[in-house]
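Chemist: Below you'll find the structure I mean.
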Amino acid sequence: MAQLTAITRFPVKGLGPDRLETADLTAGRTLPHDRQWAIENGPGPFDPDNPGHVKKKHFLMLAGQAELARLACRYDAAAHQFEVTLDDNRTISVSLDDPDTHKPLFDALATLLGDAVRGPLRIVHAPGQAMTDIPEPHLSIINAASVRQLSEKTGHDLDPLRFRGNLLIDGPAPWSEFDWIGRTLQIGAARLKVQRRIRRCAATSVDLQRGVRNIDVPKALFEHYGHMDCGVYASVETGGRISSGDPVVLEDDILRT
């Protein structure tokens, strides 16, 4: 049987994951607190008086700054407090809503990233708009079996976290998630409609332990499958609580295994 095996959000775009056992989904919204903040890399088009979706190239991200993976992160959702542990085991704590607390983090990022920092850093957010790669308020779903098969073909043990998905599902056959497009999944008390495949970028090429690129994942996907897609986007149609371990069922079928 297909099962939800992990729920993950990334409170600050490009930085580390926050694992959840349960989450309360709302129709038409993303996973709560997922990519709620982003770090603007030098002056960009984000306007706090008229916030909205901005292309990812304007923010710090793994696709451009692989070293970000070396930072261990911890998030306190109630306080909007974010902790970052550096290579030397120093921990910096910032209040994401309080710019007066951000400078120590920015200084550490400037040291870590060097010339990749294009100018003054700024933490931004757009209420009601996740700072994801797409403007739509979707969740991302990864099929663990697809990642395992890609691992076998490449000879690399690929952590599903490379794909920075919100929901990890195990049980369905490899790549069968592409057959779910246009269909509805029941997970816990929530219903999600699968919208489209996710085309992969250089962020997936980063070794999450060392913060370096060690395999060209988009190239490997194309060489082995003729596309550069892994995972699917889904919209929340009916809100409700989901929990790790919940069965995952297509509305009109049992997922093919």
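The values are calculated or read from the model by the stated rules, or taken from the named source; none is laboratory data. Everything quoted here is computed from the prediction, not taken from an experiment. In this analysis, Cβ positions are derived from the backbone assuming ideal geometry, glycine residues included, and neighbour counts consider all displayed protein chains. For accessibility, only protein heavy atoms count, side chains too; no ligands or nucleic acids. Shrake-Rupley method; radii C 1.70, N 1.55, O 1.52, S 1.80 Å.
Chemist: Projecting each Cα onto the charge dipole of region 79-180 (Lys/Arg +1, Asp/Glu -1 at the beta carbon, about the Cα centre), which of His80, His125, Ala173 comes out farthest on the positive side?
Modeler: Selected residue: His125.
Chemist: Comparing Asn166, Asn89, Asn214, which has the greatest mean-square fluctuation in the GNM of the chain with Cα pairs linked when under 10 Å apart?
Modeler: Asn89
Chemist: While we're on this one: Can you give the FRET efficiency for Asp100 and Gln209, using 1/(1 + (r/R0)^6), R0 = 30 Å, r = Cβ-Cβ distance, to the nearest 0.05?
Modeler: That gives a FRET efficiency of 0.35.
Chemist: Take Arg241 and Ala189, extend 7 Å from each Cα along the Cα→Cβ direction, and tell me the distance between the two endpoints in nm.
Modeler: Label at Arg241, label at Ala189, 0.6 nm between them.
Chemist: Another question, then. Just read off the accessible area of Thr26 with the full protein assembly in place, 1.4 Å probe, to the nearest 10 Å².
Modeler: About 70 Å², ignoring ligands and nucleic acids.
Chemist: Thinking of region 193-257 as a set of Cα atoms, what percent of all their pairs are more than 16 Å apart? Before the final figure, lay out each step's value.
Modeler: On the way: 1359 of 2080 pairs.
Result: 65 percent of Cα pairs exceed 16 Å.
Chemist: Expressed as a fraction of 2.2 N^0.38 Å, the rule-of-thumb size for a compact globular protein of N residues, what is the C-alpha radius of gyration of the chain?
Modeler: Here the answer is 1.00, to two decimals.
Chemist: Now for a different question. So, taking all protein chains as they sit and a 1.4 Å probe, how much accessible area belongs to Lys57, in Å² rounded to tens?
Modeler: Accessible area, nearest 10 Å²: 120 Å².
Chemist: Check cross-link reach from Lys57 to the lysines: straight Cα distance under 27 Å, and skip same-chain residues fewer than eight apart.
Modeler: Answer for Lys57, where 27 Å is the Cα cut-off: Lys13, Lys103, Lys219, listed by chain and number.
Chemist: Diagonalise the Cα gyration tensor of region 1-54 and give the resulting equivalent ellipsoid semi-axes, square root of 5 times each eigenvalue, largest first, whole Å.
Modeler: Each semi-axis is the square root of five times an eigenvalue, giving 28, 14, 8 Å.
Chemist: What order do Phe222, Phe178, Phe82 take when sorted by accessible area (1.4 Å probe), most exposed first?
Modeler: I get Phe222, Phe178, Phe82, largest accessible area first.
Chemist: Using a basic spin-label model with each label point 7 Å from the Cα along Cα→Cβ, how many nm lie between Asn89 and Lys55?
Modeler: Output for this residue pair reads 4.3 nm.
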